[in-house]
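Worksheet for the structure shown next.
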Amino acid sequence: MNLNLLLPEIIVFSFSLMVLFVSLFWNNRKPSLTLGLMSIAGLLLAIGAFVVIPRVGATAFGGMFVADGFSLFFRVLFLNLAAMIVLLAIDFMREFQRHLGEFYFLLLIVALGAMLMSSANDLIMIFLALELLSLPSYILVGFAKRDPRSNEAALKYFLLGVLASAMLLYGMSLIFGLTGSTGLVDIASKFEASGGSAGPALLVAIIMIIAGFGFKIAAVPFHFWSPDTYEGAPTSVTVLLATLSMIGGFVGLYRLFFIALPDYLDIWTKVIFILAFLSMTMGSLIAMSQDNLKRLLAYSGIAHGGYILIAFSVATFDSQWSVLVYFLAYIFMTVGAFAVAMVVERARGSSEISALGGLGYSNPFLGVTMTIFMMSLVGLPPFAGFIGKLYVFKSAVEGGALFLVLVAIVTSVISLYFYLKVVRQIYFVKGDGEAVPTPNLSFAVIALCAIYTILICLYPVFFTRIALAAIS
Amino acid sequence: MIPLPYYLIASTALLSVGIFGVLTRKHVIQILLSVELILNAVTINFVAFSLYIIPERPIGQVFAIFVITFAAAKVGVGLAIILAIYKSLRTANIEDIRLLKW
């Protein structure tokens, strides 16, 4: 068996255990910094490991684990993303003196789950990867266990999460019953051989699977947990939910539907069409009335999930690679926006939008970068969000989804209102005028995200080439 | 041998009871138990399909064991969260847990 292929996963897993053990036996004065840097070392080592493993076209565990261009793209992406999240967490977990080892351990396990998801080639593997992604994140959301808001956020996330997992499993069991196989490629060939129309069992299975993943990606109408959980969770966990966990869900959806059910494209794209429409409209409309920055970003994430689902519902080759570019853009602008929110929340003790008052004058750097991220989230040039939307919408128009694109453009205009609300607070409202201290590591992450947010728009060719290589 | 549809009817009934329970129960533990019913429906499905559709390879039974393992792990995490919330709010009724609301 080709265990070599899993070298990055093995490294991440060993480091996660190491972090846990070190935190048990080694008392030092700066636990967050030590453990965080160990986690970063593991993640970077895992990225380095991609140099020595075979690139594409190999499988392990009897075909359950596949290393193709798609999985390569997402495994590297998730490792980088996890490294950024750990960098942000180092500063913000200082207030938690205890259980820091567990925090970084669980964070690395979430990253591991997302990586396995992108290489999953079997229903069992998809299910296990999804749970590896979900179970630690339930605990992470409730990490501030003396804080009733964090408890409540965890409870809501957990109850709806296990319900969604159970639904997903029921759908998988029906697919298994129809084909007698759990391998994705095998399922596709069995469906192709049967060649018939979709029976009611398959319809139920498709709807249940979409409900299961729809929870993970917070698509309307499976989004009810998202605003509450985002608000109640510690912000270093919220950023994890908004990026790693959400994109992990999209990856699972992609693998399951594009690889196992290409024959029933016209059925599941219709269901996703509805989800995309609802997510875009509801996400943007409800976001308008939000006063809390984390809640606003939750609804913004729902709306962006809707834009990403457009690409899924079109399901052409162009829409597949353009959604990867969208993921890149989404990651940098979302992590950046959350990073600024975290810095301000830590200093001013509130995640309300009003806490940003006068930030543009007291901290010019934070003000400017937050404006960049907000403009990018709207989708204005010259920022990454514009490129992401441009490619997705272009492929959607070519794929015949004109209606969805029109809805997307209207909701983008609506979203201008609430993103500008944040910018207005930064520049046109007088705050207390005191500068917010920015920790060095957070400063680095914010600067990196801002640079990439601009770079993706200035040199899109570089990023589209990566995305094209991942799909073809 | 009992025909396959009987198993499927039993599992669909369990699924319906489970979904009904999740939607109507107010106590967190009861909701957790209802989800457990859905998972049992899934297990029945996998084992029955495995036996009737591909009796020569027990893939479905392997999957069923994974489902059972997941159910155990889920209860572990869930009870910990419920304990934490009971300690801070002194209730486990979802109607009384509403600090976060838009």
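The values are calculated or read from the model by the stated rules, or taken from the named source; none is laboratory data. Note that the structure is a prediction, hence the values are computed from the model and not measured. Counting neighbours? That spans all protein chains shown, and the Cβs are built from the backbone with ideal geometry, glycine included. Heavy atoms of the whole protein, side chains included, go into the accessibility calculation; ligands, DNA and RNA do not. Shrake-Rupley method; radii C 1.70, N 1.55, O 1.52, S 1.80 Å.
Checking B:ILE44, B:ILE2, B:ILE9, B:ILE38 one by one, the residue that is closer than 14 Å to A:LEU163 by Cβ and of a type outside the set (D, E, K, R) is B:ILE38 and no other.
When B:ILE59 is tested against (1) within 23 Å of B:ILE31 (Cα to Cα); (2) free of Cβ contacts under 8 Å to residues at least 12 places away in the same chain; (3) within 9 Å of chain A (Cβ to nearest Cβ), just one condition goes unmet, and that condition is (1).
Only one entry in B:SER11, B:SER16, B:SER88, B:SER50 is facing chain A (nearest Cβ under 9 Å), under 17 Å from the mean Cα position of the chain (by Cα) and of a type in the set (S, T, N, Q), namely B:SER11.
Could you please give the count of residues in region A:368-382 that are buried (at least 19 other Cβ atoms within 10 Å of the Cβ) and either assigned to a helix (DSSP H, G or I) or modelled with pLDDT of 95 or more (or both)? Residues meeting the conditions: 10. The set of residues from region A:176-194 being of a type outside the set (S, T, N, Q), touching a residue at least 40 places away in the same chain (Cβ under 8 Å) and at the interface with chain B (Cβ under 8 Å from one of its Cβ atoms) comprises just one member, A:PHE176. Within region A:1-59, the set of residues being free of Cβ contacts under 8 Å to residues at least 60 places away in the same chain and of a type in the set (S, T, N, Q) comprises A:ASN2, A:ASN4, A:SER14, A:ASN27, A:ASN28, A:THR34.
When A:SER165, A:SER119 are checked against the criterion of being among the hydroxyl-bearing types (Ser, Thr, Tyr) and at the interface with another protein chain (Cβ under 9 Å from one of its Cβ atoms), a single residue qualifies: A:SER165. Restricting attention to region B:53-65, does a residue exist that is in contact with a strand residue (DSSP E or B) (Cβ under 7 Å, 6 or more places away or on another chain), not in a helix (DSSP H, G or I) and not aromatic (Phe, Trp, Tyr)? No; the residues of region B:53-65 include none that is in contact with a strand residue (DSSP E or B) (Cβ under 7 Å, 6 or more places away or on another chain), not in a helix (DSSP H, G or I) and not aromatic (Phe, Trp, Tyr).
Tallying residues that are among the aliphatic types (A, V, I, L, M), open to solvent by less than 70 Å² (accessible area, probe 1.4 Å) and within 30 Å of B:ILE97 (Cα to Cα) within region B:43-71 yields 2. If you go through region B:8-22 one residue at a time, do you hit one that is of a type outside the set (D, E, K, R) and closer than 30 Å to A:LYS294 by Cβ? Yes, there is a match, as at least one residue in region B:8-22 is of a type outside the set (D, E, K, R) and closer than 30 Å to A:LYS294 by Cβ.
Any residue that is crowded, with 24+ Cβ neighbours inside 10 Å, of a type outside the set (Phe, Trp, Tyr) and touching a residue at least 12 places away in the same chain (Cβ under 8 Å) - is there at least one of those in region A:96-104? Steps first, answer last, please.
Filtering region A:96-104 down to residues crowded, with 24+ Cβ neighbours inside 10 Å leaves A:103-104.
Cutting the leftovers down to of a type outside the set (Phe, Trp, Tyr) gives us none.
No: zero hits.
Just wondering, is there one or more residues in region A:402-422 that are of a type in the set (D, E, K, R), in a helix (DSSP H, G or I) and under 17 Å from A:TYR326 (Cβ atoms)?
First, pick out the residues of region A:402-422 that are of a type in the set (D, E, K, R): A:421.
Then drop every residue that is not in a helix (DSSP H, G or I), which leaves A:421.
Next, only the ones that are under 17 Å from A:TYR326 (Cβ atoms) stay: none.
No, there is no match, as no residue in region A:402-422 is of a type in the set (D, E, K, R), in a helix (DSSP H, G or I) and under 17 Å from A:TYR326 (Cβ atoms).
Quick check on region A:178-192. Is at least one of its residues touching a Pro at 6+ places or on another chain (Cβ under 9 Å), farther than 20 Å from A:ILE302 by Cβ and not acidic (Asp, Glu)? Within region A:178-192, one or more residues are touching a Pro at 6+ places or on another chain (Cβ under 9 Å), farther than 20 Å from A:ILE302 by Cβ and not acidic (Asp, Glu). Counting the residues of region A:206-261 that are of a type in the set (Val, Ile, Thr), outside any helix (DSSP H, G or I) and either open to solvent by 10 Å² or more (accessible area, probe 1.4 Å) or in contact with a Ser or Thr (Cβ under 7 Å, 6 or more places away or on another chain) (or both) gives 1.
Could you say which residue among A:LEU140, A:LEU160, A:LEU135 is more than 19 Å from A:LEU203 (Cβ to Cβ), at the interface with chain B (Cβ under 8 Å from one of its Cβ atoms) and aliphatic (A, V, I, L, M)? Let's see the steps before the verdict.
Values: A:LEU140 fails: at the interface with chain B (Cβ under 8 Å from one of its Cβ atoms); A:LEU160 fails: at the interface with chain B (Cβ under 8 Å from one of its Cβ atoms).
Among A:LEU140, A:LEU160, A:LEU135, only A:LEU135 is more than 19 Å from A:LEU203 (Cβ to Cβ), at the interface with chain B (Cβ under 8 Å from one of its Cβ atoms) and aliphatic (A, V, I, L, M).
Selection within region A:110-123: residues that are open to solvent by 10 Å² or more (accessible area, probe 1.4 Å) and more than 15 Å from the chain's Cα centre (by Cα). The member of this set that is farthest from A:LEU79 (Cα to Cα) is A:ASP122. If you filter region A:449-472 down to residues that are part of a helix (DSSP H, G or I) and hydroxyl-bearing (Ser, Thr, Tyr), you find that the one that is least open to solvent (accessible area, probe 1.4 Å) is A:THR453.
Number of residues in region B:1-46 that are more than 28 Å from B:ILE85 (Cα to Cα) and in contact (Cβ under 8 Å) with a residue 40 or more places away in the chain equals 3.
From the list A:SER173, A:SER197, which one is closer than 23 Å to A:LYS270 by Cα, away from chain B (no Cβ under 13 Å) and without any contact (Cβ under 8 Å) to a residue 40 or more places away in the chain?
Values: A:SER173 fails: away from chain B (no Cβ under 13 Å).
When all the criteria are applied, what remains is A:SER197.
Among residues of region A:351-365 that are closer than 16 Å to A:PHE338 by Cβ and of a type in the set (A, V, I, L, M), those with a beta-carbon under 6 Å from a residue that is open to solvent by 70 Å² or more (accessible area, probe 1.4 Å) and part of a loop (DSSP other than H, G, I, E, B) at least six positions away or on a different chain give the pairs A:ILE353/A:ASP291.
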